[in-house]
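Peer 1: Let me give you the structure first, and then I'll get to my questions.
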Amino acid sequence: MLQGFSPGPLMLVVSVVLLVAFFLAILVSQYKRCPSNRILVVYGKVRGQRAARCIHGGGTFVVPLLQSYSFLTLEPLTIDIELQSALSKKNIRVNVPSTFTIGVSTDPDIMNNAAERLLGLDEHQINNQAKDIILGQMRLVIATLSIEEINQDREKFLDLVNKNVNFELNKIGLEMINVNIRDITDESGYIEALGQKAAAEAINKAKIEVADAEREGAIGEAGAFRERDVSVAQQNAQAATGTKAAERDQRVQVAKLEAEGVAGEATAAKEKEIAVAQQTALAVEGKKKAETHKRVQVAALEANAIEGENESKAKIADYEATLEQRRAEAKRLGEVAMAEASRDVLLAEKEQEIARLEKIEVAQQIVEQQKIQIDADAEAERIRRIAAGEADAILAKYTAEADGTRKVLEAKSAGYERLLEVCGDRKDIAPALLVIEQLPSLVAEQVKAIQNLKIDKITVWDSGADGDGASSSTAGFLRGMIGSLPPIHDLAKQAGIDLPSALGKIEDVAETEPENLPPRKPKKTGPPSKPA
């Protein structure tokens, strides 16, 4: 059986199993899972016209040799923006330090932007790109808002920052998570002035409310005192009225009793006269005693009544005086309270008016200061531009002169070279030709030696030609004056140049006089005589 067994099918099965295991291992190793805090970027040959395929969550199979992969982190980045001297809408420069928290967005389109522009960059490079974008957009937003809108309407300011910064960050695959404006200051102190203005208005408003409350309290207190005094006066009046009524009832009762007593006395007297007629003396004596007793009792009762009445009147007068005094005191207190309340109101209005005038003055000073600063900046910019233009003009002038000089020298150099080529072996001819070229200038320089001489007139005593045939004195004078000029040949010799023979030459000839000739007449010297 062993001899008949063939190993071929077994090897085939083992090969198939190994091949399947190899492919399974490749599949397992090339299947990439994406964590929740990252974005899986598969690049290479992907479907569609995109350069990469981004996956957040889940996993995908990375085709070997055709595709590769990388990860983008979703961890937030914190960027401190120290924005300085940003120009606002009213040309006031403000400082807006802030902190931005950004990160890679999970939106499909924005993820593709991040894969195209941020893949392979480190955190520092991403921070630099985002910081530049945020600074530019912050300056743009601040330029569209005034100081009041930035300082008071923070919601509008943050909404504009979110809209503009997010729009630009999305272009590179980032999004803004949070922004924190730490503080807003300005170089001119305008925001501080606004705060002082608000504080002054709040203080003035509080003072006015306190004055109003004190005024209301004083008025209420005065009203309470007035009601109390009125109630006391009413009670006193009622008490006085009760006293008067009691006195009146007392008098009525006394008068009634007196009337009854008189009637009873008359009846008793009548009965006594009828019954005791015989006892006249005793009746008269009893009558007199009864009359005396009656008069004493009546006088005592009347005196008591008058005394009670006077006491009641005195009490009523005291009560009325006290009431008037209290009324006057209450009135005085009320007037004092009203005066104090009016004074407080006037003081509050005064402080409010002073604060308003100070606000206007400070605002005018700030406007004047900013105007002066703007004018100074404009003047400095104008002077700088004028100076730059003048410097450019001077530079252009000297550059043109230098170019002209260089071209002249180059032309002269070419001319000199051509001159030497023409002269050939006779190089000594070249200086002579150059000197001949300058002869007009040399003659002009000779003429300048005498052209500025101020000679009003010259009188020459000339008797004509001498007897020996010599030239006249005038000709000799002119020849001597011309001879005083430096000769051209001497000038050329001083320069080390021999002039060509065509220009002639000067020979030193000694002037000798013939012995047989008579001596010349001496020339008359001295100041010139005036003409006749």
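Peer 1: Leu74 versus (1) at pLDDT 90 or above; (2) in contact with a strand residue (DSSP E or B) (Cβ under 6 Å, 6 or more places away or on another chain): which is the lone unmet condition?
Peer 2: Here Leu74 meets the rest and fails (1).
Peer 1: While we're on this one: Could you name every one of the strands (runs of 3 or more DSSP E) located completely within the range 20-106 that has at least 1 residues being among the aliphatic types (A, V, I, L, M) and over 17 Å from Ile172 (Cβ atoms)?
Peer 2: Where strands (runs of 3 or more DSSP E) fall fully within the range 20-106 and carry at least 1 residues being among the aliphatic types (A, V, I, L, M) and over 17 Å from Ile172 (Cβ atoms), they are 38-44, 52-55, 77-87, 93-104.
Peer 1: I'd like to check something: does the range 110-125 contain any residue that is under 29 Å from Gln369 (Cβ atoms) and free of Cβ contacts under 8 Å to residues at least 60 places away in the same chain?
Peer 2: no
Peer 1: Please identify the pairs in which a residue from the range 69-88 that is small (Gly, Ala, Ser) has its Cβ atom under 6 Å from the Cβ atom of a residue that is part of a strand (DSSP E or B) and at pLDDT below 90, counting only partners at least 6 apart or on another chain.
Peer 2: Ser70/Val41; Ser85/Arg93; Ala86/Val94; Ser88/Val94
Peer 1: OK, next. Any idea which of Glu175, Glu187 is among the charged types (D, E, K, R) and in contact with a Leu (Cβ under 7 Å, 6 or more places away or on another chain)?
Peer 2: Selected residue: Glu175, the only one of Glu175, Glu187 that is among the charged types (D, E, K, R) and in contact with a Leu (Cβ under 7 Å, 6 or more places away or on another chain).
Peer 1: In addition: Given the structure, is Glu335 free of Cβ contacts under 8 Å to residues at least 24 places away in the same chain and assigned by TED's automatic domain parsing to the domain that holds Asp229?
Peer 2: Considered against the rule, which asks whether it is free of Cβ contacts under 8 Å to residues at least 24 places away in the same chain and assigned by TED's automatic domain parsing to the domain that holds Asp229, Glu335 comes out as yes.
Peer 1: Would you pick out the residues in the range 42-77 that are of a type in the set (Val, Ile, Thr), out of contact with any Leu (no Cβ under 6 Å at 6 or more places or on another chain) and either assigned by TED's automatic domain parsing to the domain that holds Met111 or surrounded by 14 or more Cβ atoms within 10 Å (Cβ to Cβ) (or both)?
Peer 2: Within the range 42-77, Val42, Val46, Thr60, Val62, Thr73 qualify.
Peer 1: If you don't mind, another one. Can you tell me which residues in the range 111-132 are part of a helix (DSSP H, G or I) and surrounded by fewer than 19 Cβ atoms within 10 Å (Cβ to Cβ)?
Peer 2: Asn112, Glu116, Arg117, Glu123, His124, Gln125, Asn127, Asn128, Gln129, Lys131, Asp132
Peer 1: For the subset of the range 78-102 comprising residues that are surrounded by 17 or more Cβ atoms within 10 Å (Cβ to Cβ) and of a type in the set (Gly, Ala, Ser), which member is nearest to Ala143 (Cα to Cα)?
Peer 2: Applying the filter and picking the extreme gives Ser88.
Peer 1: On to the next question. Count, please, the residues in the range 85-113 that happen to be modelled with pLDDT of 85 or more and under 18 Å from Lys131 (Cα atoms).
Peer 2: Adding up the residues that qualify gives 12.
Peer 1: A follow-up question, please. Check Gly415, Gly404 and return the single one that is small (Gly, Ala, Ser), farther than 25 Å from Arg93 by Cβ and at pLDDT below 85.
Peer 2: From the options Gly415, Gly404, the qualifying one is Gly415.
Peer 1: Ok, one more. Please specify each residue of the range 102-153 satisfying the condition of being under 30 Å from Val367 (Cα atoms) and small (Gly, Ala, Ser).
Peer 2: Passing the criteria: Gly136, Ala143, Ser146.
Peer 1: While we're here: What about Glu271, is it of a type in the set (Asp, Glu) and modelled with pLDDT under 80?
Peer 2: Yes.
The values are calculated or read from the model by the stated rules, or taken from the named source; none is laboratory data. Being a predicted model, the structure only gives us computed values, none of them experimental. Cβ sites come from the backbone with ideal geometry, for glycine too, and all protein chains shown count toward neighbours.
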